[in-house]
Amino acid sequence: MTLLHHLPAWRMRAIERIELSSAQWSVREHEIHVKPLTEVAAKRLGTTGYVPGLHTHLMHPDNAGKVELLLPIIELPKVPLLDLHIAVNGEPVYRVPLDVGANLEAQYIKMLAVEAGIEVANFESDLTDLLAAIFFLPTSQYADTWKKYCQVSIDPRQWVHPFLRSIGKREPLKSYLNEFLPFGLKGHILDEWRDVASHIKEYVLQETMEDHLSGAEYPLIALPQMAREMARLGRGDADEELCSQRLKSLYLLLHDAHARKFHTSTHEAKNRARAASALLSTYAAFGSQWTAFARCKIPVAEPFIITVKETRSIYFQHKWNKEYRSVRKFPTAEHIGRTAWTMVAFADAETNHLSIKTADTSVRLHDCVALDQKGVPLEESARKDEEVNGELDEHAKTFELYLRHDSTAGRRKRIWIKCHLRLNRILSLFIYLAMAVTGVGTYLLIWRAMEEKVGEDQIHGLTAKDATVILIPVAFVTAFVLAKENTTLVMRLRKFRQSILLIELFVLLGTAFALYMHHAVRATP
């Protein structure tokens, strides 16, 4: 808890490199440069980088000068991850299970509540299990249920579920709870839970954007996980009364934190307000992020490096569509899947370094925009002087690379990077030319076939030579563009224009065959 609460104090530098490698995955490499812990522990109260109580954990190193600690490594989103590798000081480490990490995050919320001066006498009995279930990875059952009722499938047999939802006969949350809760759910109890959950959602949306899979925003989806864990650990059976009590306790916790957030009359009140604000933002973040903890032996008096490498899913069309209006008035690129979104932790060290690039030279970074967790561009917030002290250390944008370095105190802990991806200009121009040539070729075929006789020597109509001159070059250019080998990332970016070009090609060929069948193509003049 001490290390998690004071990340910038013992981390000198955090470097994150993101490479958009395909249409589905991005490769990420993290480096965290850690100061000698004895140096951090030797600092006094009130000085920059002071970590209270750290020296007590470093008093008994082994013969090699190392001590065993449970380190918070990195925040990761609740999206599919592949090839996650964590090494500390060059050695692979043991990552604790997700449920253990979720319990540690719940204890961290309790610590923030204590600092904010919030009553936590019943925290253990009312909130620990619920918070741990909320911070656990979202279950696939709810994701599948939500998708079944809220997304239209290409399979006509699945259309009945969105139809039942549209007429009010079914809803994903009720179906999910009825199926996975270990007790029968009455309608009026569900209405009471929804009422409490709606107030909780209001506090969360003040800190972050909407996410239908976030347990922090929709705590009802975490109730089956809480019931399963209570039964597994022998803590009793969950029922309607227990769930109601814990939801109300969670609401009161957030309500008290929100109330204390604005009490800044005295120095002590300011410290409590700071802790209350951290509680709200951390709770909202832990609903869609999870912290990887690792148990490892680290040197006490020497600096060391934490390295993390992972392959992560890319989200091209952001799920919080209503937040587009805070970024662009007409977000056409987002709706056709040419904008990649990624969240990064940007205040977990003294200095944060971020770089984003694409692996394919046919793809360019048209523009990258940094936003806060609510979807507001950071440059706009900086102009308004909202919680931002100073300027960025370094900020660069090119078609090949996006760089962002910052050591400003008070910067936001988590930011969104919105990358507008475009094709290479030459490749894009070639596709547009192929579309134009195909369209003109179709027009020429129809125009020559419908042309009337003007004079005695005027050849009218469409001859086989005319059709050959038009069809062969146009079909060759179009087929070359369509069949050109590309990476999956390029294929995603060009799929809209490629679909138009493919339609034009079939229209051209269909027109030629139709004219031939109707004897509009003359073999001889």
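The values are calculated or read from the model by the stated rules, or taken from the named source; none is laboratory data. Not measured: the values here are computed from a predicted model. Positions of Cβ are generated from backbone atoms using ideal geometry, with glycine treated the same way; all protein chains shown enter the neighbour counts. Heavy atoms of the whole protein, side chains included, go into the accessibility calculation; ligands, DNA and RNA do not. Shrake-Rupley method; radii C 1.70, N 1.55, O 1.52, S 1.80 Å.
The table below lists the values:
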{"quantity": "Length-normalised contact order for segment 240-312 - Cα pairs under 8 Å, 6+ apart - percent", "calculated": "20"}
{"quantity": "Accessible area in the full protein assembly, largest first, 1.4 Å probe, for Val344, Val440", "calculated": "Val440, Val344"}
{"quantity": "Inter-probe distance in nm under a simple model that places probes 7 Å from Cα toward Cβ, at Asn63 and Lys43", "calculated": "3.4"}
{"quantity": "Set Lys43/Lys418; Lys174/Lys418; Lys186/Lys248 screened for pairs whose C-alpha atoms are more than 27 Å apart", "calculated": "Lys43/Lys418; Lys174/Lys418"}
{"quantity": "Residue order for Glu179, Glu16 - accessible surface, 1.4 angstrom probe, largest first", "calculated": "Glu179, Glu16"}
{"quantity": "Carbon/sulfur fraction of accessible area - the chain, other protein chains in place, 1.4 Å, %", "calculated": "57"}
{"quantity": "Per-residue ³J(HN,Hα) for segment 125-131, Karplus 6.51 cos²θ - 1.76 cosθ + 1.60, θ = phi - 60°, Hz, x for Gly and Pro", "calculated": "7, 10, 10, 4, 5, 5, 5"}
{"quantity": "Solvent-accessible area of Met491 with every protein chain in place, 1.4 Å probe, in Å² to the nearest 10", "calculated": "100"}
{"quantity": "Chain lengthening between Ala259 and His366 when straightened (0.36 nm per residue, less Cα-Cα)", "calculated": "34.2 nm"}
{"quantity": "Extended-chain gain in nm, criterion 0.36 nm per residue less alpha-carbon gap, Phe476 and Met12", "calculated": "161.3 nm"}
{"quantity": "Fully extended contour minus Cα-Cα distance, from Lys309 to Ala269, at 0.36 nm per residue", "calculated": "10.3 nm"}
{"quantity": "At 1.306 mPa s and 10 °C, Stokes D of segment 1-79 from Kirkwood alpha-carbon radius, µm² per second", "calculated": "107"}
{"quantity": "Structure-based [θ]222 nm, the chain - -39500 (n - 2.57) summed over DSSP H runs of at least 4, per residue, nearest 500", "calculated": "-13500 deg cm²/dmol"}
{"quantity": "Per residue accessible area of segment 192-320, 1.4 Å probe, in Å²", "calculated": "42"}
{"quantity": "Angle in degrees between helix 187-205 and the longest Cα principal axis of the chain, rounded to the nearest 10", "calculated": "90"}
{"quantity": "From phi via Karplus (6.51, -1.76, 1.60), per-residue ³J(HN,Hα) for segment 32-40 in Hz, x at Gly/Pro", "calculated": "10, 8, 9, 6, x, 5, 5, 5, 5"}
{"quantity": "Rounded to the nearest 10 Å², the accessible area of His366 at probe 1.4 Å", "calculated": "90"}
{"quantity": "3J(HN,Hα) from dihedral phi, segment 176-182, Karplus parametrisation 6.51/-1.76/1.60, rounded to Hz, x for glycine, proline", "calculated": "5, 5, 4, 7, 10, 6, x"}
{"quantity": "Degrees separating the helix 488-517 axis from the principal Cα axis of the chain, which is the longest one", "calculated": "20"}
{"quantity": "Cα-based helix-to-principal-axis angle, 98-115 vs the chain, degrees rounded to 10", "calculated": "60"}
{"quantity": "Neighbourhood net charge (14 Å Cβ-Cβ; Lys/Arg +1, Asp/Glu -1) for His199", "calculated": "-3"}
{"quantity": "Label-point gap, in nm, between Leu84 and Phe506 - each point 7 angstrom along Cα→Cβ", "calculated": "4.3"}
{"quantity": "Nitroxide proxy distance, nm - points 7 Å out along Cα→Cβ at Cys150 and Ala464", "calculated": "6.1"}
{"quantity": "With DNA, RNA and ligands ignored, accessible area of Phe123 (1.4 Å probe; Å², nearest 10)", "calculated": "10"}
{"quantity": "Sorted peptide list for 277-283, 400-406, criterion being average Cβ within 10 angstrom, highest first", "calculated": "277-283, 400-406"}
{"quantity": "Packing-based ranking, highest mean first, of 125-132, 492-499 given that Cβ atoms within 10 Å are counted", "calculated": "125-132, 492-499"}
{"quantity": "At R0 = 25 Å, FRET efficiency that the Cβ-Cβ distance of Phe399 and Glu29 yields, to 0.05", "calculated": "0.70"}
